[in-house]
Amino acid sequence: MTSHVSNEARVIALHPRAQRPPARPAASPVPPERRPPTVREPLWRDLVGDVLRRERLQQERTLKEVAEAARISMPYLSEVERGRKEASSEVLAAAAGALGLGLGDLLARAQGELVRLTSRHTGAGAGRGPSGARFDGMCLAA
């Protein structure tokens, strides 16, 4: 016996489709060769992780030794060092303390690295805010 039922599925939208705003006429695009290079801002977790790893290696200590001294797991410390985890201030203080650093020392070194990396990409205007005023501080927000 043959069935005359269609094999096509019927799709029922659960949410109505959003109306798209009318497209604006495209401005004359800047040719790729004239666009400024796109530079990715360094992530704080990468900078802090680099500082921790550099200090640990400079002291010729293993990940296991530092993790045990800081009372954090070795895999977690490894992920912090690689910039894969955004560690809490408590974890950062413990890791820094295990390396003989204070939390302020760790953050100051990471801030110095941030300034160094961003000034390389921004040229003469580095170290200045949008108003042109010089800044020498660090601000963290959670």
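Here are a few things to note about the model shown:
- Here TYR76 clears all of (1) open to solvent by 50 Å² or more (accessible area, probe 1.4 Å); (2) out of contact with any Lys or Arg (no Cβ under 8 Å at 6 or more places or on another chain); (3) in contact (Cβ under 8 Å) with a residue 12 or more places away in the chain except the condition numbered (2).
- Odd one out for GLN111 among (1) surrounded by fewer than 19 Cβ atoms within 10 Å (Cβ to Cβ); (2) under 25 Å from ARG40 (Cα atoms): (1)
- Just one of the listed residues (PRO25, PRO42, PRO37) is part of a loop (DSSP other than H, G, I, E, B), surrounded by 10 or more Cβ atoms within 10 Å (Cβ to Cβ) and at pLDDT below 95, namely PRO42.
- Every listed requirement among (1) open to solvent by 100 Å² or more (accessible area, probe 1.4 Å); (2) assigned to a helix (DSSP H, G or I); (3) modelled with pLDDT of 95 or more is met by ALA94 save one, (1).
- Subset of the range 55-74 [assigned to a loop (DSSP other than H, G, I, E, B) and under 18 Å from LYS85 (Cα atoms)]: ARG71, ILE72, SER73
- Lone unmet requirement of (1) in contact (Cβ under 8 Å) with a residue 40 or more places away in the chain; (2) at negative phi for GLY83: (2)
- Residues (open to solvent by 30 Å² or more (accessible area, probe 1.4 Å) and either in a helix (DSSP H, G or I) or β-branched (Val, Ile, Thr) (or both)) located in the range 80-90: SER89, GLU90
The values are calculated or read from the model by the stated rules, or taken from the named source; none is laboratory data. Quick caveat, the model's predicted, so the values are computed rather than measured. Note that we place each Cβ from the backbone using ideal geometry, even for glycine, and neighbour counts take in every protein chain shown. Protein only, heavy atoms only, side chains kept; ligands, DNA and RNA dropped before computing areas. Shrake-Rupley method; radii C 1.70, N 1.55, O 1.52, S 1.80 Å.
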